[in-house]
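So the structure is just underneath, and the comments pick up after that.
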There are 2 protein chains.
Amino acid sequence: MEENINLQHGSGGEKMTELLNKIIFHHLDNPILQERHDGAFLDISGKIAFSSDSFVVSPVFFKGGNIGELAVFGTVNDLSMCGAEPKYLSLSLILEEGFSISEFEKIIKSIKEASEKSGVQIVTGDTKVVERGKGDGIYINTSGIGVILPNSKIGIQHIRHNQSVLLNAPIASHGMAIMSQREGLQFDGEILSDTTNLNFTVKKLIATFGDKIHFLRDATRGGLASVLNEITSGSHLGIHLYEDKIQVKPQVKSACELLGLDPVYVANEGVFLCICDSDIRNQVLQILKEENPEASIIGHTTEEHAGKVIMESAFGGKHIVNPLIGEQLPRIC
Amino acid sequence: MEENINLQHGSGGEKMTELLNKIIFHHLDNPILQERHDGAFLDISGKIAFSSDSFVVSPVFFKGGNIGELAVFGTVNDLSMCGAEPKYLSLSLILEEGFSISEFEKIIKSIKEASEKSGVQIVTGDTKVVERGKGDGIYINTSGIGVILPNSKIGIQHIRHNQSVLLNAPIASHGMAIMSQREGLQFDGEILSDTTNLNFTVKKLIATFGDKIHFLRDATRGGLASVLNEITSGSHLGIHLYEDKIQVKPQVKSACELLGLDPVYVANEGVFLCICDSDIRNQVLQILKEENPEASIIGHTTEEHAGKVIMESAFGGKHIVNPLIGEQLPRIC
């Protein structure tokens with residue numbers, strides 16, 4: 001087999017079949033994928049969630065992960081944020097002529113591992129090849145189907161005054177892992193992407209608290225600030241944040257300072273926001289802490305300052321957290 | 001609003017929200033998409049089909065269509081070929097910095113029209129922007145969910161000896177529309193892409209004949225020859241074709257001859273193959289002819305020459321139709 005991807009690998013002919021058989025079907029095999037029809041046949045009943053994301057992260061391999069696992073975890077997490085149990089993913093690839101087949105295989109292996117870790121199956125997909133200079137190695141789209149969990153009732157319309165806002169993990173690690181690698185920066189203490197699957201944590205939350213969990217959202221592109229502003233603009237409520245409760249790892253903080261970035265705007269991959277009834281906030285925190293001791297209650301919703309996110313510092317100072325204006329970190333996911 | 005896409009349009013911030021609101025949500029609005037969560041909430045029960053395809057066609061606008069409607073019809077047709085009624089699509093975009101926003105809007109409008117024509121809804125999606133020279137204007141991924149039609153039983157495992165093979169339309173039009181445009185060729189009689197939705201024809205076939213329809217497949221990349229070879233290799237049967245029954249429009253034939261291409265390897269978008277019981281072949285043909293008078297019965301399956309596709313000419317000569325080797329037409333879909 002060749003060492004690099006060429007246009008024949010996207011032609012629909014023998015070379016493409018060879019690539020699919022030797023790498024994709026070889027690693028990702030399962031009975032549904034094996035049928036190799038134009039689509040997968042699935043048996044599903046009830047309410048489902050359906051989500052799609054393209055991944056164009058650069059570099060493709062970064063500290064703590066690569067584009068393959070990111071593409072699996074990204075869609076798994078989007079389905080989880082709908083209160084669904086992720087079940088099936090599609091995998092569509094846009095490869096650039098000249099991309100290394102051994103790197104390609106590493107990515108597919110990582111997709112396999114990430115799928116197994118998340119308990120999902122890759123059931124259908126597509127492979128296209130574009131000429132050199134019309135892509136950047138590999139772009140991946142994953143779309144996914146999940147089954148809505150029993151008693152789940154997630155939606156911005158369920159957010160009310162004085163509910164609690166929790167965060168499962170420190171912020172800005174993914175974005176700064178990518179940026180420090182792009183800029184060739186070194187810090188005391190490695191900066192690793194936080195990419196991971198959140199589905200089992202979400203499942204536990206909903207199994208335990210049902211419709212007392214009102215909203216879930218992973219804080220990816222645009223970071224925590226963007227998600228919070230989406231919530232305030234969609235719910236017509238305000239959010240009051242406690243600055244000292246928002247965790248940022250020390251080396252991530254240093255990197256942000258060096259590059260003049262505010263961590264609340266930096267992308268995350270394994271960080272999510274949970275809005276729940278106030279009376280269960282400590283129990284929710286307990287469950288989040290089982291996964292990550294740095295989980296915290298970062299704020300509450302309020303009828304005051306509707307439409308605005310207000311951050312209160314440990315010293316009582318307050319400032320508005322605005323939506324992201326301009327481009328902070330291109331191709332972060 | 002700017003005239004061209006820039007990196008801010010993919011940042012997750014205000015510019016991205018503006019682009020989504022003014023163009024995507026503006027044209028594609030529906031109640032499910034409006035929820036704007038990480039995924040769409042859908043109510044489905046029973047067996048479904050799930051399919052995904054990325055579209056990288058170049059040029060983006062071609063005679064008879066553009067990448068937008070191609071992306072809708074492509075996934076609609078893949079679901080139809082599973083014997084499903086297409087219902088919901090996702091739409092994920094990879095835009096290149098510098099791409100014209102007015103062309104972008106034309107494509108989104110065309111997506112809207114194609115969705116309406118096919119009776120599907122765009123319910124979720126994603127937008128990414130890559131730097132100039134890392135893409136080619138616009139790449140589109142659509143994934144889709146369809147509900148398996150009652151009495152549908154489509155699968156390569158249902159193909160048996162002496163079933164009939166039908167084609168709904170003349171072949172090679174899409175590929176030659178793209179190629180003649182790329183090469184700047186002119187012919188008597190315009191060559192238009194055959195891109196269209198096949199779901200209503202398929203629905204009628206399955207409603208009328210149920211499980212007497214055994215296999216459906218659209219002959220896209222790699223053309224008719226590739227689909228036929230996939231069938232013979234997957235079913236361990238042979239296929240016997242009648243050369244004079246395979247229709248090619250005269251101007252398409254001229255273009256193929258000029259470029260030294262065999263029409264059976266050229267990509268189609270609105271052409272599909274139907275394998276059914278022999279005793280209903282004329283009735284199936286009747287239904288196909290309602291849509292296109294050039295539909296025809298092009299061959300039959302056979303236990304003879306298992307694994308091979310044999311073409312018989314009007315004069316009785318026979319030759320093997322091999323799988324496509326090498327690249328014929330890059331970025332045709």
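A few notes on this one:
- Being crowded, with 20+ Cβ neighbours inside 10 Å and free of Cβ contacts under 8 Å to residues at least 60 places away in the same chain is a property that A:Ser51 lacks.
- Hits in segment A:286-329 - residues which are surrounded by fewer than 18 Cβ atoms within 10 Å (Cβ to Cβ), under 22 Å from A:Ala267 (Cβ atoms) and in contact (Cβ under 8 Å) with a residue 40 or more places away in the chain: A:Glu291, A:Glu294, A:Asn322
- Selection count where residues are in contact (Cβ under 8 Å) with a residue 60 or more places away in the chain and open to solvent by 70 Å² or more (accessible area, probe 1.4 Å), scope segment A:113-128: 1
- Residue match in segment B:105-125 (condition: over 18 Å from A:Ser52 (Cβ atoms) and part of a strand (DSSP E or B)): no
- For segment A:316-333, the set of residues classified as more than 14 Å from chain B (Cβ to nearest Cβ) and touching an Asp or Glu at 6+ places or on another chain (Cβ under 9 Å) consists of A:Gly317, A:Lys318, A:His319, listed by residue number.
- Residues in segment B:94-109 include at least one that is closer than 20 Å to A:Val56 by Cβ, within 11 Å of another protein chain (Cβ to nearest Cβ) and not aliphatic (A, V, I, L, M).
- Among the residues of segment A:230-248, those identified as under 24 Å from the mean Cα position of the chain (by Cα) and small (Gly, Ala, Ser) are A:Ser233, A:Gly234, A:Ser235.
- Checked across segment B:292-304, the condition of being farther than 19 Å from B:Lys245 by Cα, in a loop (DSSP other than H, G, I, E, B) and more than 20 Å from the chain's Cα centre (by Cα) holds for at least one residue.
- Selection count, segment B:305-320, where residues are assigned to a strand (DSSP E or B) and charged (D, E, K, R): 2
- Residue list for segment A:173-210, filter: within 14 Å of chain B (Cβ to nearest Cβ) and small (Gly, Ala, Ser): A:Gly175
- Residues of segment A:192-232 that are farther than 20 Å from A:Ile159 by Cα, of a type outside the set (D, E, K, R), out of contact with any strand residue (DSSP E or B) (no Cβ under 7 Å at 6 or more places or on another chain) and open to solvent by 10 Å² or more (accessible area, probe 1.4 Å): A:Leu192, A:Thr196, A:Asn197, A:Phe200, A:Thr201, A:Thr220.
- Across segment B:137-154, the qualifying residues are those that are of a type outside the set (Val, Ile, Thr) and more than 7 Å from every other protein chain (Cβ to nearest Cβ), and the one among them that is surrounded by the most Cβ atoms within 10 Å (Cβ to Cβ) is B:Gly144.
Residue-wise test of (1) more than 8 Å from chain A (Cβ to nearest Cβ); (2) open to solvent by less than 20 Å² (accessible area, probe 1.4 Å); (3) at pLDDT below 95.
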| site | (1), (2), (3) |
| --- | --- |
| B:Glu3 | yes, no, yes |
| B:Leu7 | no, no, yes |
| B:Pro59 | yes, no, no |
| B:Asp78 | no, yes, no |
| B:Met81 | no, yes, no |
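- Test: residue in segment B:162-170 that is assigned to a loop (DSSP other than H, G, I, E, B), out of contact with any helix residue (DSSP H, G or I) (no Cβ under 8 Å at 6 or more places or on another chain) and surrounded by fewer than 17 Cβ atoms within 10 Å (Cβ to Cβ): no
- Residues of segment A:9-41 that turn out to be farther than 13 Å from A:Thr127 by Cβ and surrounded by 21 or more Cβ atoms within 10 Å (Cβ to Cβ), as a count: 4
- Filter result (under 13 Å from B:Pro170 (Cβ atoms) and hydrophobic (A, V, I, L, M, F, W, C)) within segment B:285-316: B:Leu288, B:Ala295, B:Ile298
The values are calculated or read from the model by the stated rules, or taken from the named source; none is laboratory data. All values reported here derive from a predicted model rather than from experimental measurement. Quick reminder, even Gly has a Cβ in these numbers, built from the backbone with ideal geometry, and neighbours come from all protein chains shown. Only protein heavy atoms, including side chains, enter the accessible area calculation; ligands, DNA and RNA are left aside. Shrake-Rupley method; radii C 1.70, N 1.55, O 1.52, S 1.80 Å.
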